[in-house]
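Since the structure comes first, as structure tokens, the remarks are kept for the end.
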Amino acid sequence: MATGKIKRVIESKGYGFIQPSQGGEDVWFHLSVVKGDVRFEQLQVGMEVEYQFKKGPRGLQATSVQVVMGQGQVPAPPERRAQPPYRFLNPYNFVRFIPPSNGKSEISSADTAVGSALKKKGYIQPQAGSTRSKEDLLLGKCPPPPHDRYIGVSGKIICLLETFSPLFISSAERIEHRQDHNAYEFFKIDGKPAIPGSSLRGMLRSVFETVTNSCFSNLTDSRLSYHLEPAKALKLVPARIEKNGTDAWVLRLLPGFTELRPGKRPEGPQYAAWVPLYLSSMLRPSRNAQSSSPYGSRTDLALNGFEHKTQCWARLRLVEHPQRHFKFWNVEQLAHSEEQLSPLRDGERKAQGYLCITNQNIENKHDERFFFCGEDLEKAKVISLNGKVEEDYLTLIQDYQDRHRDSVQSRIRDRKKPERPDGKEPAYSRFIVHENESKALQHGDLVYAMIDENKEAEFIVPVSVPRVTYDNRISKLLPKSLSPCENYDELCPACRVFGWVHQLDDGNKGDTSKHVAYAGRVQISHAELKYDNGTLPETPLAILSSPKPTTTSFYLSDGRQQATVDADYNDSSALLRGRKFYRHHKRAEEENYYRAGGRCDDQNRTVRDALAPGARFEFNIHFQNLAPLELGALLWALEMDQQCFHRLGFAKPLGFGSVKITIKELQVLDPGQRYDSLEHDGWQPVPNWQGRLVETFKAVLADFHRCANFDALPNVQDLRALLSEQATNLPIHYPRSSRRPDPEGKNFEWFMGNNRYVHQPLALATEDRGLPLITRDGAVVN
Ligand SMILES: [Zn+2]
């Protein structure tokens, strides 16, 4: 009977880990093996236990666990209640869209009423040739009105903008390039801080789009790729691409001395042998290096002219990985011929094969691979390679090359070798650097193949821990009506008001009879600074994560827009969570936006003259031919609700850029000469229009989506939850593993721990009570 302590309990999953008293690796246990008076749900971290265990496929596994007597009579220790566990809010969450089936096509009475009232006043006229009145409704998709006639309301909105947190809008011109680090200045016009109209426009459009349930206009619709999880990567079989006599490509599978198990991981040693080449130049010290073990006694080989794809002989020694419980063949010597190998020592073998060198392209890579065969090459298995597998492989490589082209070129410009690591940065794989070699399959290419149970190749990849593409593009996981608009006659409200450009990618290019763009009907001026409350000192900001839609545990939901961690882009029933919005922070905490230690490198940016809260700006919006509902939606998008803030500019995830817009005045332009009471040549202030237009828009929108009222719409609820002050008072920051921010911003460790062990989804915006701190090993830190 072994003894140890409970190290971690993952209640939601029904398992936990024991830390053995004698040291060594943790022991996994399932709730079903917990015996005695203390039940699984009552287990506490630190409790002493006795247990029995066996070696399972994934490591040590307890067969029985019992708490040592005298503990555990207390179901929940009081100190746990006294100090609530640490929770934080992710800087972004999603606003749900309204599924299309909720929309209706008939015209609503509310709209008819406001429409006809305004028509009577002459502010809106029915469109010529229209037999339906659907165009008045304007909450679904329809053609936009022409620009050459006044048929709607035209006018001007004068807006005030006040900042409630630091604001930084970057100037594209004034960037100071220091060594490995850039410092940015605030955007200025005539030497005075200003906000470009384009920034205001983007900010407004996103709220307008969201509230009107318009299309996702800025969806980047590439096919996403992801790192194949290590457990799956173990199933990959080394293979050589060959063309022997026939025209068709074949794959020669090279599983070495280990029996090939299609669709499963090998039971014996790993298929390919390891060639130690970078042990001494590891970018990050390995936690596995233990010099006393046979694993740690391995030393780097000298390649002595051997190159990628070289056919050669190797002397091999069987080694066990000290922590991950698998065996592999370690290459002790490479030689051109069998005779050149030194005599075999105990436990060694020799084999013929191919050297596969892909470069030190991941941080802690220490070995390359040697693809070898058992007794002789001719016995190796040959399977056919179909066209789709070939095409996907070339697309994958093309995608890698496109993504890395700029950085590869910049290393070449700096006279550095992209195939060598540079500082903390890993090298680039050979197929990224040698573009031409990788444009088409070549006889002798070495790849890894995923073989299914029918012994057919599912896909092939160039490296052992590859990125692979998902089956679906992002747009596939959205209802069709919410994908970017494609047809001039069916534009969504946001495309009609703010403008539309067809994303020409479907071979429509030559067809000149089709509209490909529509100029929007709103123009937004730059915002002019009216009052300034001082600036922040020069600030090296904390590291900002780039948006990663591959963070599937956050970005995707199940088919009913519920949070889940299990969906991915291969799953056709998965849906995008919605539109991403950065939360309003009650206060921007310096601890979160200032990089610990004030460090400056290529990971972060320094900002200068960020405006302190309390600055005030003014800007104008000119609009033409807007239908009353469109104007109502625009007015709502400007002010939203009293408690909501717009998010503007740089560093929003760190708490910058909360601003509030107030409409100072709404003016309309006299549309005709028919009413004597109106001034013919001027702008007409209409102070009491605003409330009426907004209320009408809200009522019609709710009706259109068959919702009791505006406040009950899911998109409105989510927007409010994200853009107003949090009642919970939880800190807002990127996922991380400790209470203190990590200056390296390694939030991928949180995702590693969460994806593998904890499985905590990002809750709906309206139900979000925060996330726990999680380490890469899946421990929850309180
Ligand atoms: Zn659209």
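Summary of computed values
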| read-out | value |
| --- | --- |
| Strands (runs of 3 or more DSSP E) lying entirely in the stretch 575-658 (those with 2 or more residues that are closer than 17 Å to Arg201 by Cβ and open to solvent by 50 Å² or more (accessible area, probe 1.4 Å)) | 616-626 |
| Hits in the stretch 33-44 - residues which are open to solvent by 40 Å² or more (accessible area, probe 1.4 Å) and in contact (Cβ under 8 Å) with a residue 12 or more places away in the chain | Lys35, Gly36, Asp37, Glu41 |
| Lone unmet requirement of (1) closer than 22 Å to Arg87 by Cβ; (2) touching a residue at least 40 places away in the same chain (Cβ under 8 Å); (3) surrounded by fewer than 18 Cβ atoms within 10 Å (Cβ to Cβ) for Ile732 | (3) |
| Members of the stretch 173-224 that are basic (Lys, Arg), surrounded by fewer than 14 Cβ atoms within 10 Å (Cβ to Cβ) and closer than 23 Å to Ile524 by Cα | Lys192 |
| Answer from Asp406, Asp392 - the residue that is open to solvent by 60 Å² or more (accessible area, probe 1.4 Å), of a type outside the set (A, V, I, L, M) and part of a helix (DSSP H, G or I) | Asp406 |
| Which numbered condition Asp718 misses (of (1) modelled with pLDDT of 90 or more; (2) surrounded by fewer than 17 Cβ atoms within 10 Å (Cβ to Cβ); (3) among the acidic types (Asp, Glu)) | (2) |
| Scan of the stretch 502-530 for residues that are modelled with pLDDT under 95, open to solvent by 80 Å² or more (accessible area, probe 1.4 Å) and more than 14 Å from the ligand (Cβ to nearest atom), ordered by number | Asp505, Asp506, Lys509, Thr512, Ser513, Lys514 |
| Arg756 being of a type in the set (Lys, Arg) and under 17 Å from Tyr86 (Cα atoms) | no |
| Given (1) crowded, with 18+ Cβ neighbours inside 10 Å; (2) under 26 Å from the mean Cα position of the chain (by Cα); (3) hydrophobic (A, V, I, L, M, F, W, C), number of the condition Ala380 does not satisfy | (2) |
| Residue identified as modelled with pLDDT under 95, under 30 Å from Pro99 (Cα atoms) and within 16 Å of the ligand (Cβ to nearest atom) among Thr220, Thr112 | Thr220 |
| Tally of residues being more than 33 Å from the chain's Cα centre (by Cα) and open to solvent by less than 60 Å² (accessible area, probe 1.4 Å) across the stretch 683-702 | 11 |
| Tabulated pairs, the stretch 492-503, first on the phi > 0 side of the Ramachandran plot, second at pLDDT below 95, C-beta under 9 angstrom, 6+ apart or interchain | Gly499/Ala517; Gly499/Tyr518; Gly499/Ala519; Gly499/Gly520; Gly499/Arg521 |
| Subset of the stretch 336-362 (residues that are modelled with pLDDT under 90 and closer than 15 Å to Ser464 by Cβ) | Thr358, Asn359, Gln360, Asn361, Ile362 |
| Candidate set from the stretch 746-771 (those that are assigned to a helix (DSSP H, G or I) and under 19 Å from Gly578 (Cβ atoms)); member that is least open to solvent (accessible area, probe 1.4 Å) | Ala765 |
| When residues of the stretch 470-501 are limited to those that are away from the ligand (no atom under 16 Å from the Cβ) and open to solvent by 40 Å² or more (accessible area, probe 1.4 Å), the one modelled with the lowest pLDDT | Asp471 |
| Residue within the stretch 45-61 that is in contact with a Ser or Thr (Cβ under 6 Å, 6 or more places away or on another chain), open to solvent by 30 Å² or more (accessible area, probe 1.4 Å), part of a loop (DSSP other than H, G, I, E, B) and not acidic (Asp, Glu) present | no |
| Residue match in the stretch 772-779 (condition: open to solvent by 30 Å² or more (accessible area, probe 1.4 Å), among the polar types (S, T, N, Q) and assigned to a helix (DSSP H, G or I)) | no |
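The values are calculated or read from the model by the stated rules, or taken from the named source; none is laboratory data. Keep in mind it's a predicted model, so treat the numbers as computed, not measured. Virtual Cβ from ideal backbone geometry, glycine too; neighbours counted across all protein chains shown. With ligands, DNA and RNA removed, areas are computed over all heavy atoms of the protein, side chains included. Shrake-Rupley method; radii C 1.70, N 1.55, O 1.52, S 1.80 Å.
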